[in-house]
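To start, the structure itself, in structure tokens.
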Amino acid sequence: MVIYSPDQPISFKDFGILIPISNSKADRTLQVLLEDPELYRHRDKWYQERENKILSSQHLLRVHSKEYIERLFGNGVEGEIIQTFGLIDEEGKYHRYNPSKAVRPLSEVRDWVLKDAAGTLQCCRSALGTGFCFNLGGGMHHAQRDRGNGFCLVHDILISIRTLQAEGQIQRAWVIDVDAHKGDGTAALTVDDPSVITLSIHMAKGWPLDGDLEVELQNRDPSYIPSDIDIPVGAEEARMYNTRLSRGLEELDSYLRPDLVLVVDGVDPYEKDELASADLLNLSLEELIERDQLVYRFLEERKLPVAYVTAGGYGAFSWEVYSSFLLWVLKKRLGLIPLLKRED
Ligand SMILES: [Zn+2]
């Protein structure tokens, strides 16, 4: 299944936020899938609209602190959004933010995020039923227990896992994070929990790992808490990315089998990505397709149910990566690839 929300004509520009998050990430991806005649004919087998649900504070409390949730639902909400999206710089000036251009109140970002996060939970439930689901949204892997961080207001991935654990639907989960930035929130929020195993392959340097290692460890900066498997990739090692990912997956295989896998499928390592802080990793479309097929095949061979979330991907071209992967995977799952080519 592919989950998409048609009633989400949201643009960050409406809030005066000038971060290059484009609607085309979801819209154009879906458009490409529906323009394929075979997929269009079979759309009832793979297309699912996002339910019009919003996560409650009860869901959020499974991952975040009471104080943070109270701020999010109270007068502190705008301050939390400004902090999470980095809209004020160190000198106290607006940064990539122009409130005079806003046509909607900033607090609406919270409700939009909570609907987006509900899509991740829907996607996980669908994956448990069908084996595969891709949410064209979600992936807020930087959110910490008591604050938003790096454009991530709440940690939809862990909220989904905790909810399904509380319901008795799953016991163990893996999180495979291929976004350009380290899945630091995921690592910090699961550090003492053997029921959630985390793998993150990411830029060796740059945000959120741009501090001095020894100083940050002393400061107990949660971004430096290790994932179960961390694969830092230096700018000069980019051509080894998929080889190193493959080794990481082999290592993941030594952990107990999970009931559900979440893939944080950020495409900001793409060479056409427009977010400056993802510049240290510049993979080609071919390398990213290889990456996505590598992860998918690894999970398929082990018959593990998998839920994907989009995470990072900035500017006008991220849809190229998502649509390439989804065209391949949907046709494969629907048996639309001729037998002789099935191993492609
Ligand atoms: Zn990212």
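Within the stretch 242-264, is there a residue that is of a type in the set (S, T, N, Q), closer than 27 Å to Val32 by Cβ and within 16 Å of the ligand (Cβ to nearest atom)? So far as the stretch 242-264 goes, no, none of its residues is of a type in the set (S, T, N, Q), closer than 27 Å to Val32 by Cβ and within 16 Å of the ligand (Cβ to nearest atom). The residues of the stretch 154-166 include none that are within 16 Å of the ligand (Cβ to nearest atom) and polar (S, T, N, Q). Just a yes or no: is a residue in the stretch 130-153 within 16 Å of the ligand (Cβ to nearest atom), in a helix (DSSP H, G or I) and within 18 Å of Val261 (Cα to Cα)? Looking for residues that are within 16 Å of the ligand (Cβ to nearest atom), in a helix (DSSP H, G or I) and within 18 Å of Val261 (Cα to Cα), one finds none in the stretch 130-153, hence no. Within the stretch 167-182, restricting attention to residues that are of a type in the set (Asp, Glu) and within 14 Å of the ligand (Cβ to nearest atom), the residue that is surrounded by the fewest Cβ atoms within 10 Å (Cβ to Cβ) is Asp179.
If the condition is being in contact with a helix residue (DSSP H, G or I) (Cβ under 6 Å, 6 or more places away or on another chain) and either crowded, with 20+ Cβ neighbours inside 10 Å or of a type in the set (D, E, K, R) (or both), then the stretch 232-244 contributes only Val233. Could you please let me know if Asp212 is touching a helix residue (DSSP H, G or I) at 6+ places or on another chain (Cβ under 9 Å) and not small (Gly, Ala, Ser)? For Asp212, the condition - touching a helix residue (DSSP H, G or I) at 6+ places or on another chain (Cβ under 9 Å) and not small (Gly, Ala, Ser) - is not met. Restricted to the stretch 24-91, the set of helices (runs of 4 or more DSSP H) holding at least 2 residues that are of a type in the set (D, E, K, R) comprises 24-35, 37-41, 66-72, 77-84. If the condition is being among the hydrophobic types (A, V, I, L, M, F, W, C), within 16 Å of the ligand (Cβ to nearest atom) and under 27 Å from Arg172 (Cα atoms), then the stretch 283-336 contributes Val309, Ala311.
When Leu199, Leu288 are checked against the criterion of being at pLDDT 95 or above, assigned to a helix (DSSP H, G or I) and either surrounded by 18 or more Cβ atoms within 10 Å (Cβ to Cβ) or under 18 Å from the mean Cα position of the chain (by Cα) (or both), a single residue qualifies: Leu288. Inside the stretch 202-228, residues that are at pLDDT 95 or above and not in a loop (DSSP other than H, G, I, E, B) make up a count of 2.
The values are calculated or read from the model by the stated rules, or taken from the named source; none is laboratory data. Because the structure is predicted, anything quoted here is derived from the model rather than measured. Neighbour counts run over all protein chains shown; Cβ positions are idealised from the backbone, glycine included.
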